[in-house]
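J.: Input: one structure, supplied below.
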Amino acid sequence: MTPNSPRPDRHEPTPADPDLYPDLAAAGSLAAALALAAAEQGLDLGVVLSNDSDPLRTAGVTSTAPGREPCWIFIGSESRWFNINGPCQGVQQLLSGSTSELGELARAAAGWRDGARLREIQGDASFIEVSELAEAHERGPAEAVTVQWRLLLEGLRQDSDRLDLARQTLALAEAASAEPKLRQLYPFTSHWSLHFTTCTGFPYSWDVPFIDPLSDGRYRVCGPSRGTVIGEGDTAAAAISMVVGALPANCGPAVAGTANDQRQG
């Protein structure tokens, strides 16, 4: 740039709509308004964070509890609402919910920061949603695995009435859930493929083979990488047997955290 070149326009942060968020407009940002709402209730949120890409309309609160990442809050653009999301050990929405009340939002964020359990946070902020799986994750990886297996099977049974691939994947999941070496892993599906991971948080591990249902009713076992084909089987039992035979040494039970945590550990 030469001395006479025009300077590039500076990007100004977008403020919240003052008609929807007069409290944010008065405070200057969501982070400042949230800190004020907490202070009015005698709550300590520490240093409230903001996202650099949208500093006036986002806020984050760190947690003192091990494994809990900062919970982040975003606002609605067409109606007044605050959405909160708190990840923990790769579980992306352990804490979640939406409210139009800044005061109860501050109570939820304070509970997350102080390490309160989900039901305790919900008791102070009724808008917080607590799912069965979220509570299971809170109790530990073994509980999360047990609940995830049941929810996976229930979902596949509902879909199997109308989808052929769901029926095939259900047969796989039922056979896998009866195999102790796989039952201790955290299951999930992707495009009807059945996967098993040695961690309960995302990103998941890719150290266990997975199974693709084929259009002819058979099954293909691949992995750990998607391009590696182990074999094909005519039945779900045959496919499960191939997965068990290709398990890595000392595989399972699934642990809390993510694949990144496993690599760093």
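No lab work stands behind these numbers, since they all come straight from the coordinates. All values reported here derive from a predicted model rather than from experimental measurement. When we count neighbours, we look across all protein chains shown, and the Cβ atoms used for this are built from the backbone with ideal geometry, even at glycine.
J.: Taking a spot 7 Å from the Cα of T146 along the direction of its beta carbon, which residues of the stretch 180-216 have an amide N less than 13 Å from it?
T.: Label zone hits: 184.
J.: I want to check the label-to-label distance for R117 and L36. Put each point 7 Å from Cα in the C-beta direction and report it in nm to one decimal.
T.: 3.6 nm
J.: Place a label point 7 angstrom from the Cα of N260 along the Cα-to-Cβ direction, then list the residues of the stretch 195-227 whose backbone nitrogen is under 14 Å away.
T.: Answer for this model: 201-205.
J.: Also: Specify which residue in the list H195, L151, Q168 is farthest towards the positive end of the charge dipole of the stretch 147-212, using unit charges on the beta carbon of Lys, Arg (+1) and Asp, Glu (-1), about the Cα centre.
T.: Going by the Cα projections, it comes out as L151.
J.: Continuing with this model, one more query. Which order do the peptides 131-139, 203-211 take when ranked by the mean count of other beta-carbon atoms within 10 Å per residue, highest first?
T.: Put in order of decreasing packing, that is 203-211, 131-139.
J.: Which value at 222 nm does the chain reach when only helices count, each DSSP H run of 4 or more adding -39,500 (n - 2.57), with the total divided by all residues and rounded to the nearest 500 deg cm²/dmol?
T.: -10500 deg cm²/dmol
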